[in-house]
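Okay, so here's the structure we're looking at.
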Amino acid sequence: MFPEWVQFEKIVKELSRFGQIHELGTVKTKDNEFPLIALSFGSKDPKAPVLGLFGGVHGLERIGAQVVLSMLQSFSELLLWDQMIRHALEHIRIMFMPIVNPTGMFLNTRSNANGIDLMRNAPIEALEKVTPLVGGHRISPKIPWYRGPQNQPMEPEAQAVFDLSKKLFFESKSVITVDFHSGFGVVDRLWFPYAKTKDPFPHMAEMYVLKENFDRTYPNHVYKIEPQSKNYTTHGDLWDYVYDEYQKVNSGAYLALCLEMGSWNWVKKKPSQIFSLLGPFNPIEPHRVKRTLRRHNTLFEFLIRSLVSYQSWSTMSDEQRMKNMIRAKEHWYE
Ligand SMILES: [Zn+2]
């Protein structure tokens, strides 16, 4: 079995008495079957603010799953002694799904065992022209970024993410999810929707206030915060889909973030990595892995605080909202 799965199974066992385990289906390779598992902790109030952390959507980007597992590991220790976390959990809910695509991680492929890219598989058509292939295609599962056949239900992994989201936060008015990826650029980017269009994100005012809080509180943080569409647009983005469906039923604020770790930096420091299967997407060198695993702790802490103090970004008067929308537009869309 692959090491991240072994680590995850162990944590699940240890944490079962503190939280809820969600079994969201199973997926198979030729010889193995994997349950799709998520964990949640804290308030059972459906309206409580929610933080969701996801990883391992792309099987080659192992570092994403490793970062979420490392956060889950620290969180499991905090549960044992930290009163601040215990108080926080009376008010908010935190969910973890560190390995969304276990068959892809097992097989060392970007896609799942059916050759389908889970970030191109949602029933979403881009509103503008996308980059050929990378933006999602229906040519063949042998080419990366394959969306899956037309008019088919979503793959079980994508459906699992959607079902979990619906169950745990579609009634909440303050939600932030982060999905951890790697493989693009030299800096760590925090992307917000959309992937389907360059049009402004409806919650850009809330996003802007959250960014301002982050910049002021941690002026040396490492992230470039921007709409995904600034870099490229795609068909079938899973988080566009979750976000749009949330918006149909809830007038609250939901920020669906993707953290795209700047893997070109790792390659720059050790160019031979480019010739290995995992090299372009992962830090590989042990000291660089360690550095990456601790790099995002500040973000984790900031997000927990931002959900406990959700009023600081998700609740605004109409006037404040309008002001922040104008600022957001100037900052990101002009
Ligand atoms: Zn990815």
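The values are calculated or read from the model by the stated rules, or taken from the named source; none is laboratory data. Because the structure is a prediction, the values reported are computed rather than measured. Please note: Cβ atoms are built from the backbone with ideal geometry, for glycine as well, and neighbour counts cover all protein chains shown.
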Extreme residue, nearest to residue 76 (Cα to Cα), among residues of region 88-139 that are among the basic types (Lys, Arg) and crowded, with 23+ Cβ neighbours inside 10 Å: 93
Please state which one of 118, 53, 60, 24 is of a type outside the set (D, E, K, R), within 16 Å of the ligand (Cβ to nearest atom) and assigned to a strand (DSSP E or B). 53
Inspect all residues belonging to region 104-111 and state whether any of them is part of a helix (DSSP H, G or I), within 13 Å of the ligand (Cβ to nearest atom) and touching a residue at least 60 places away in the same chain (Cβ under 8 Å). yes
So is residue 162 buried (at least 22 other Cβ atoms within 10 Å of the Cβ), more than 16 Å from the ligand (Cβ to nearest atom), under 22 Å from residue 100 (Cα atoms) and among the aromatic types (Phe, Trp, Tyr) or not? no
Being among the hydrophobic types (A, V, I, L, M, F, W, C) and assigned to a strand (DSSP E or B) is the filter here, so list the residues in region 33-50 that pass it. 34, 36, 37, 38, 39, 41, 50
Determine the pairs where a residue that is touching a residue at least 12 places away in the same chain (Cβ under 8 Å), located within region 118-137, has a partner that is among the small types (Gly, Ala, Ser) and in a loop (DSSP other than H, G, I, E, B) with Cβ atoms under 6 Å apart, the partner being 6 or more residues away or on another chain. 120/136; 120/236; 121/148; 121/236; 122/236; 124/236; 136/236
Out of everything in region 123-132 that is out of contact with any Asp or Glu (no Cβ under 6 Å at 6 or more places or on another chain) and of a type in the set (A, V, I, L, M), what residue ends up being farthest from the ligand (Cβ to nearest atom)? 127
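Per-residue answers, yes or no, for (1) polar (S, T, N, Q); (2) over 28 Å from residue 172 (Cβ atoms); (3) at pLDDT 95 or above; (4) surrounded by fewer than 20 Cβ atoms within 10 Å (Cβ to Cβ):
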{"position": "2", "(1), (2), (3), (4)": "no, yes, yes, yes"}
{"position": "8", "(1), (2), (3), (4)": "no, no, yes, no"}
{"position": "11", "(1), (2), (3), (4)": "no, no, yes, yes"}
{"position": "16", "(1), (2), (3), (4)": "yes, no, no, yes"}
{"position": "23", "(1), (2), (3), (4)": "no, no, yes, yes"}
{"position": "28", "(1), (2), (3), (4)": "no, yes, yes, yes"}
{"position": "32", "(1), (2), (3), (4)": "yes, yes, yes, yes"}
{"position": "38", "(1), (2), (3), (4)": "no, no, yes, no"}
{"position": "45", "(1), (2), (3), (4)": "no, no, yes, yes"}
Go through (1) over 16 Å from the mean Cα position of the chain (by Cα); (2) closer than 22 Å to residue 26 by Cβ for residue 68 and report which single condition fails. (1)
